[in-house]
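Working notes for the structure below.
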Amino acid sequence: MKRRAILIFNDGGPSNYLPGVKVDKANYLKFLKSPEGGAWEDSEIKVYDNDCSKELLLAYINAFRLNEQTGYWLIIFSGHGYVNCQNQTMLELSAGKDCSVDDINKATDNARRLLIADSCRVVIRTITDSLKH
């Protein structure tokens with residue numbers, strides 16, 4: 001069975017910096033490459049460091065899902081997140097570039113997967129939502 005790990009780190013940049021993201025990156029990579037973490041090879045791991053978008057992520061997943069029949073996905077996210085007005089958990093993959101957990105799950109729906117999202121889940125309401133209540 002082919003496996004792929006995608007690690008997405010978004011530290012928020014200078015104006016909204018999250019110091020824990022740097023620590024998460026070092027620890028996750030160290031663990032995955034260790035015998036206890038599965039001895040993942042560099043060729044099995046894709047790291048996005050403050051430079052990911054929904055389109056880029058889904059294109060990467062689709063390329064491997066279609067071409068090599070990846071059977072197991074490990075997707076780890078560390079950064080800012082929120083819950084939108086449709087009650088979807090959204091991850092800020094990089095500045096201003098968000099993706100829902102639902103979109104990631106749909107892209108990997110034919111395979112086993114583990115998605116770890118270390119982010120806030122603050123509820124963001126739109127102005128129209130506020131007017132409805």
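Readers should treat all values here as calculations from the given coordinates under stated rules, not as data from a laboratory. These numbers come from a predicted model, not from an experiment. Counting neighbours? That spans all protein chains shown, and the Cβs are built from the backbone with ideal geometry, glycine included.
General remarks:
- Calculated FRET efficiency for the pair S15/Y72, C-beta based, R₀ 35 Å, to 0.05: 0.40
- Paramagnetic reach from N27 (point 7 Å along Cα→Cβ, amide N under 18 Å) across segment 81-115: 81, 115
- Restricting attention to segment 21-123, close to 45% of DSSP beta bridges with both partner residues there are antiparallel.
- Charging the Cβ of each Asp and Glu at -1 and of each Lys and Arg at +1, and nothing else, the dipole of segment 47-98 about its Cα centre rounds to 140 debye.
- Computed helical MRE - 222 nm, the chain, DSSP H runs ≥ 4 contributing -39500 (n - 2.57), nearest 500: -9500 deg cm²/dmol
- Evaluating 6.51 cos²θ - 1.76 cosθ + 1.60 at θ = phi - 60° for every residue in segment 101-114, the Karplus couplings come out as 4, 4, 5, 5, 4, 5, 5, 10, 5, 8, 9, 6, 7, 10 Hz, glycine and proline recorded as x.
- Built amide H within the under 5 Å cut-off of V83, gap 5+: M90, V122, V123, I124
- The angle between the Cα long axis of helix 20-33 and the longest principal axis of the Cα atoms of the chain comes to about 20 degrees, rounded to the nearest 10.
- Candidates C120, P14, S94 compared by Cα position along the dipole of the chain: farthest toward the positive end lies C120, with charges placed on Cβ.
- Descending semi-axes in whole angstrom, ellipsoid equivalent of segment 39-104, from the Cα gyration tensor: 23, 14, 11
- Beyond 22 Å in Cα-Cα separation lie the following of the pairs K2/K33; K22/K106; K25/K54; K22/K46; K2/K46: K22/K106.
- Using the Cβ of K54 as centre and a radius below 14 Å, the other residues enclosed give a net charge of -4, where K and R count +1 and D and E count -1.
- Rg ratio (alpha-carbon, reference 2.2 N^0.38 Å) - the chain: 1.11
- Amide H contacts under 5 Å for I8, placed H, 5+ residues apart: Y48, I76, F77, S78
- Magnitude of the charge dipole, segment 1-117, Cβ model with Lys/Arg +1 and Asp/Glu -1, debye to 20: 260 debye
- From phi via Karplus (6.51, -1.76, 1.60), per-residue ³J(HN,Hα) for segment 56-65 in Hz, x at Gly/Pro: 5, 5, 5, 5, 4, 4, 4, 4, 7, 5
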